[in-house]
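**Q** Take this structure first; my questions come after.
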Amino acid sequence: SSERTFQLISQVAGRAGRGELAGRIIVQTLVPTPPAILCAARHAYKTFARAESEERSELGYPPHGRRIRVVLEDEEEARVQACAASTAATLRERLTPAGIQVLGPAPAPLERLRNRWRHNLLLKAARDGRGLGLAKALLKDLCAQISRPRIAVDVDPWNML
């Protein structure tokens, strides 16, 4: 989200004052101290990129680690919860020895969308992607076997909503 914040503020600032008149933007926030906001205000792209890369490295986020988001959704909440729990257990059993961490299941941030209940699983792998081939094969098999709830897989997701 910090990368997106920096990108949006920089984009707006770049559009302000393009003509003969000087421009100015005002960012209203309750928390003005995050690096994304401070660096965007100073047009300090390299400083922001360096800090963001260091933080991502510490947390193992892409590009310093790999992620797979699995979203299960259905009109019946109980079906989603049960399938998410059993899917997580299966994935943990098979992927933990391969070095993949399985987080969840947990309700999605937008738990109910278009009358469908949603739960997330998150798979975390090392930068080298060790174990991702096995994870993708298991998820492909699960998607083929399970018609309900619907399962969506997103490798290195850009958005977690």
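**Q** Give region 76-116 a look and list any residue that's over 25 Å from Gly65 (Cβ atoms) and outside any helix (DSSP H, G or I), or say none.
**A** Hits for region 76-116 are Glu76, Glu111, Arg112, Leu113, Arg114, Asn115, Arg116.
**Q** Then there's this: If you go through region 122-161, how many residues are out of contact with any strand residue (DSSP E or B) (no Cβ under 7 Å at 6 or more places or on another chain) and of a type in the set (Val, Ile, Thr)?
**A** 1
**Q** Determine which member of the set Thr29, Thr5 is surrounded by fewer than 13 Cβ atoms within 10 Å (Cβ to Cβ), at negative phi and out of contact with any Lys or Arg (no Cβ under 6 Å at 6 or more places or on another chain).
**A** None of the others qualify; the one that does is Thr29.
**Q** Still on this model: From the residues in region 107-161 that are open to solvent by less than 80 Å² (accessible area, probe 1.4 Å) and of a type in the set (Asp, Glu), which one is farthest from Arg79 (Cα to Cα)?
**A** Asp156
**Q** Shifting gears a bit: Counting just the residues of region 128-145 that are assigned to a helix (DSSP H, G or I) and within 19 Å of the chain's Cα centre (by Cα), which one comes out nearest to Val102 (Cα to Cα)?
**A** Ala135
**Q** Please enumerate the residues belonging to region 26-50 that are more than 12 Å from Thr5 (Cα to Cα) and part of a helix (DSSP H, G or I).
**A** Across region 26-50, the qualifying residues are Arg42, Tyr45, Lys46, Thr47, Ala49, Arg50.
**Q** Cβ-Cβ under 7 Å, sequence separation 6+ or interchain: first residue in region 90-105 and on the phi > 0 side of the Ramachandran plot and without any contact (Cβ under 8 Å) to a residue 40 or more places away in the chain, partner part of a helix (DSSP H, G or I) and surrounded by 14 or more Cβ atoms within 10 Å (Cβ to Cβ). Which pairs?
**A** Close Cβ pairs (under 7 Å, with a partner that is part of a helix (DSSP H, G or I) and surrounded by 14 or more Cβ atoms within 10 Å (Cβ to Cβ)) amount to Gly104/Ala88.
The values are calculated or read from the model by the stated rules, or taken from the named source; none is laboratory data. The shown structure was predicted, so the numbers you read here are calculated from the model rather than taken from an experiment. As a convention, Cβ positions derive from the backbone with ideal geometry for all residues, glycine included, and neighbour counts pool all protein chains shown. SASA here: full protein model, heavy atoms, side chains in, ligands and nucleic acids out. Shrake-Rupley method; radii C 1.70, N 1.55, O 1.52, S 1.80 Å.
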